[in-house]
Amino acid sequence: MSSSVLRRATVAFPPLAIALSVSAAFSPLSFAQTASDHSLQPVLVTASRTAQKVGDVLADNLVITAEEIAESGQTSLIELLQTKRSIEAKKNGGAGNDADVYIRGANAKQSILLIDGVRSVSATSGSPTWSAVPLSQIERIEIVFGPLSTFYGADAVGGVIQVFTKKGSGAPRPSFSAGAGTYGERVYTAGISGSTEGDHPIRYSFNAAQEQARGFSSRPAVVYDPAAKKTSKYDQDKDGYDKMSVNGQVSWELARGQELGATILNSRNNAKYDSGTGVPAFNPYIVSEVDIYSAYSRNQINSVWTSLVQVSRSYTKQQSFTKAKPDINNSKQDQFSWQNDLKLGKDLLQVLLERREESVVNSGQALQNRSRSTNSLALAYQANRGDHLGSASVRYDDSSVYGSKVTGGLGYGYRLSKDLRVNGSVSTSFRAPTYNDLYYAYAGNPTYGNPDAKPEKGKNAEIGLYYDNGVSNASAVYYQNRLTDMLAVQACANGAPGSCTYNINRAVLKGVSVEVGTKIGNYRLYSSLDVQDPRDEMTDTLIARRSRYHGTLGMSHTYNAFKSGFDIIYSGYRYDAEKQVNRLGGYALLNLHATYDLNNDWQLFGRWNNVFDKSYEQALGYNTAGSNVFVGVRYGFK
């Protein structure tokens, strides 16, 4: 990204200038403080499907710990994610309504959501059901930026987000929380976790949660679409939601290095929304469900070979009620994986076999009621030679629908010092056609979907500089991800009326992502800035709903039992539709959060989002939350 682009950005949006200035002020070279032990670095699993110290990971990444989740006071996964670098979000109304996540400018279909290692996605839309994933059940989040198709196959183009649900260890420990806030929001959670003693411990965690809110109208009373020159009116009822979730994990250590385990997550979200114009005869709502069931066997065969076998089933279910009888759109995925990790000195060789079966039941799309399968073989090698780090990976995916795809990746890192490292990588990726891309039909045009659609392809290159001395951290990453054979619609070549789907588009996602943080006494200061250019190469325009720059500026402070802090989330303008149509203004939001430890078990917490009641849009014609507060009490979360 050129310096002229940065200058224009800082002039166009003042918070950028503030963030850049603060980033310079927070520079780790500005403070002479004692660094903590590097052996205490957090561990990352998602980047290579095996535990690595963050300092050894060549992929750009970010970890959100249980402590950060608790301190944020957020009750929505989307609200938490959009405070992080390289991530943008789009919400169609309140917390219970439809939402999308964009990583490094990639669209919602070009990234993967994993829940405890299991892919969660709708096979029809190609996107996760974010609104149904309960933050209250999540203990940790790992985000890996950039392509990971060599480890996860289709759709890992922009990045991978993996959430880990709560686990148990130690003496039995109950937990409980209750909170209330603006828009009639109520959240209640309860659980118990722990482990048995002895040579063969059983670890367990069982949790349940209920969330509900009266909400606000997801759409304004009057919406004007400048491009279509059309005005629409919407009912101003409150579009609330009610979410119930349960989660359980059990593992049994049969012997040292031999473990069996199982995980279950069920979350059901009932959300109202505005549809059509005026006051509807039937108040529409959608019931969305996310289910995860998995079992695994982790076995250390000998001193160098560890085997992990996992079988899983995931569902994304949706019942859309615009009348008494709902339209049903359900996706099911069954997956088997066998991962073998072989230690070769300090190096690691990985061999992975996978099979994934997808099926759809869609009451409104008869052509989509079918199955498909993918068989995969992947090889990866990680080298650790003192100051030199290297990685190489290749994967073969063979689909019953779109044929075979081969992806690969190479990475190299060099430690300039114990605290400073430079990384570089190149990799390829692909996005599989969704069931909508392949088979969608509507009245008058049964060929909108294209059964001959091929995967979209991506080629990424990036270089990054990382600093972390245990007190201060900084990173700067430049990336360029060139996408070809992208699926788009145009006039049907077969003479059918309307539009059809073809592999006709090209795009390039490039940008710079900067993050800086430090600790000064009882203060923690942090900031991030993304300057990006996600561009449609066919029209030379910005991709819809992506800004040119966005970031966060924040601080937290600890005083005895009291912790408090703020986050400023800012974003530049973006366009709601392709070809830079319907401009949506930029915005900056101030969020406050605080916790107070009553004792070792009880804690009060609260947050105040959008303090100044900023009115803004992430999608044309959809409201976002105004100034809102949430306060509560929790027990047993430490």
I need the full set of residues from region 542-563 which are over 19 Å from Ser513 (Cβ atoms) and either touching an Asp or Glu at 6+ places or on another chain (Cβ under 9 Å) or among the aromatic types (Phe, Trp, Tyr) (or both), in order please.
Ala544, Met555, Ser556, Tyr559, Asn560, Ala561, Phe562, Lys563
Can you say whether Val531 is hydrophobic (A, V, I, L, M, F, W, C), open to solvent by 20 Å² or more (accessible area, probe 1.4 Å) and either touching a Leu at 6+ places or on another chain (Cβ under 9 Å) or assigned to a strand (DSSP E or B) (or both), as far as the supplied structure shows?
no
List, please: which pairs have Cβ atoms under 6 Å, are six or more places apart or on different chains, and start with a residue in region 129-144 that is assigned to a loop (DSSP other than H, G, I, E, B) and end with one that is surrounded by fewer than 23 Cβ atoms within 10 Å (Cβ to Cβ)?
Pro134/Ala209
Would you say Thr552 is within 30 Å of Gln603 (Cα to Cα), assigned to a strand (DSSP E or B), out of contact with any helix residue (DSSP H, G or I) (no Cβ under 9 Å at 6 or more places or on another chain) and among the polar types (S, T, N, Q)?
no
Hey, Arg545 open to solvent by 50 Å² or more (accessible area, probe 1.4 Å) and either touching a residue at least 60 places away in the same chain (Cβ under 8 Å) or outside any loop (DSSP other than H, G, I, E, B) (or both) or not
yes
If I filter region 254-285 down to residues being over 31 Å from the mean Cα position of the chain (by Cα) and open to solvent by less than 60 Å² (accessible area, probe 1.4 Å), which single residue comes out as modelled with the highest pLDDT?
Gln258
Among the residues of region 186-199, is there at least one that is open to solvent by 30 Å² or more (accessible area, probe 1.4 Å), among the hydrophobic types (A, V, I, L, M, F, W, C) and in a strand (DSSP E or B)?
yes
Which condition number does Glu71 fail, the rest of (1) of a type in the set (D, E, K, R); (2) out of contact with any helix residue (DSSP H, G or I) (no Cβ under 7 Å at 6 or more places or on another chain); (3) at pLDDT 95 or above being met?
(3)
Residue selected from region 564-575 under the condition more than 27 Å from Asp225 (Cβ to Cβ) and among the small types (Gly, Ala, Ser), by the criterion surrounded by the fewest Cβ atoms within 10 Å (Cβ to Cβ)
Ser564
I'm trying to understand the selection: among the residues of region 471-491, which are open to solvent by 60 Å² or more (accessible area, probe 1.4 Å) and more than 19 Å from Ser425 (Cα to Cα)?
Val489, Gln490, Ala491
Let me spell it out: the conditions are (1) farther than 21 Å from Arg186 by Cβ; (2) touching a Phe, Trp or Tyr at 6+ places or on another chain (Cβ under 7 Å), and Gly606 meets all of them except one. Which number is the exception?
(1)
Residue under question is Asn600, and the condition is that it be part of a loop (DSSP other than H, G, I, E, B), over 28 Å from Arg548 (Cα atoms) and open to solvent by 30 Å² or more (accessible area, probe 1.4 Å); does it hold?
yes
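Before we move on, is Thr150 in contact (Cβ under 8 Å) with a residue 24 or more places away in the chain and in a helix (DSSP H, G or I)?
Numbers: in contact (Cβ under 8 Å) with a residue 24 or more places away in the chain: yes; in a helix (DSSP H, G or I): yes.
So Thr150 fits the description; yes.
Let's see how each residue does on (1) open to solvent by less than 50 Å² (accessible area, probe 1.4 Å); (2) of a type outside the set (S, T, N, Q):
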site: Ala392; (1), (2): yes, yes
site: Gly411; (1), (2): yes, yes
site: Val426; (1), (2): no, yes
site: Asp437; (1), (2): yes, yes
site: Gly444; (1), (2): no, yes
site: Pro455; (1), (2): yes, yes
site: Asn469; (1), (2): yes, no
Residues of region 69-107 being under 18 Å from Gln318 (Cα atoms) and of a type in the set (A, V, I, L, M, F, W, C), in sequence order, are Ala95, Ala99
State which residue is nearest to Lys459 (Cα to Cα) when the search covers only region 492-507 and only residues that are open to solvent by 20 Å² or more (accessible area, probe 1.4 Å) and assigned to a strand (DSSP E or B).
Arg506
Taking into account only those residues within region 84-103 that are open to solvent by 20 Å² or more (accessible area, probe 1.4 Å) and in a loop (DSSP other than H, G, I, E, B), which is modelled with the highest pLDDT?
Lys84
Looking at region 454-472, I want the residues that are closer than 30 Å to Met486 by Cβ and free of Cβ contacts under 8 Å to residues at least 40 places away in the same chain and have a partner that is buried (at least 17 other Cβ atoms within 10 Å of the Cβ) and among the charged types (D, E, K, R) with Cβ atoms under 7 Å, at least 6 apart or on another chain. Which pairs are those?
Lys457/Asp485
Return the only residue of Tyr412, Tyr442 being in contact with a strand residue (DSSP E or B) (Cβ under 9 Å, 6 or more places away or on another chain) and either modelled with pLDDT of 95 or more or not small (Gly, Ala, Ser) (or both).
Tyr412
Please go through region 297-347 and give me each residue that is more than 30 Å from Ala366 (Cβ to Cβ), open to solvent by less than 60 Å² (accessible area, probe 1.4 Å) and of a type outside the set (Ser, Thr, Tyr), ordered by number.
Asn299, Leu308, Val309, Gln310, Gln339, Asn340, Asp341, Leu342, Asp347
Of (1) more than 21 Å from Val57 (Cβ to Cβ); (2) open to solvent by 20 Å² or more (accessible area, probe 1.4 Å); (3) at pLDDT 95 or above; (4) in contact with a Ser or Thr (Cβ under 8 Å, 6 or more places away or on another chain), Ala561 fails just (4)
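Just name the residue that is nearest to Val633 (Cα to Cα) out of those in region 140-185 that are among the aliphatic types (A, V, I, L, M) and open to solvent by 30 Å² or more (accessible area, probe 1.4 Å). Please lay out each step first, then the result.
Here is the first cut: in region 140-185, the residues among the aliphatic types (A, V, I, L, M) are 141, 143-144, 148, 154, 156-157, 160-161, 163, 171, 178, 180.
Keeping just the survivors that are open to solvent by 30 Å² or more (accessible area, probe 1.4 Å) gives 171, 180.
On the way: Ala171: 22, Ala180: 10 Å.
It comes out as Ala180.
Just for region 614-632: of the residues that are in a strand (DSSP E or B) and either touching a Lys or Arg at 6+ places or on another chain (Cβ under 7 Å) or open to solvent by 40 Å² or more (accessible area, probe 1.4 Å) (or both), which one is farthest from Asp239 (Cα to Cα)? Give the steps one after another, and end with the answer.
Let us first name the residues in region 614-632 that are in a strand (DSSP E or B), namely 628-632.
Okay, now just the ones that are also either touching a Lys or Arg at 6+ places or on another chain (Cβ under 7 Å) or open to solvent by 40 Å² or more (accessible area, probe 1.4 Å) (or both), so 629-631.
Values: Val629: 18, Phe630: 18, Val631: 22 Å.
Looking at the filtered set, the residue picked out is Val631.
Can we say Lys510 is in contact (Cβ under 8 Å) with a residue 12 or more places away in the chain, assigned to a strand (DSSP E or B), basic (Lys, Arg) and buried (at least 20 other Cβ atoms within 10 Å of the Cβ)? Show your work before the answer.
Values: in contact (Cβ under 8 Å) with a residue 12 or more places away in the chain: yes; assigned to a strand (DSSP E or B): yes; basic (Lys, Arg): yes; buried (at least 20 other Cβ atoms within 10 Å of the Cβ): yes.
Yes; evaluated as a whole, the condition is true for this residue.
The values are calculated or read from the model by the stated rules, or taken from the named source; none is laboratory data. Because the structure is a prediction, the values reported are computed rather than measured. Reconstructed Cβ throughout: ideal geometry from the backbone, glycine too, with neighbour counts over all protein chains shown. Please note that ligands, DNA and RNA were not included when accessible areas were found on the heavy atoms of the full protein model with its side chains. Shrake-Rupley method; radii C 1.70, N 1.55, O 1.52, S 1.80 Å.
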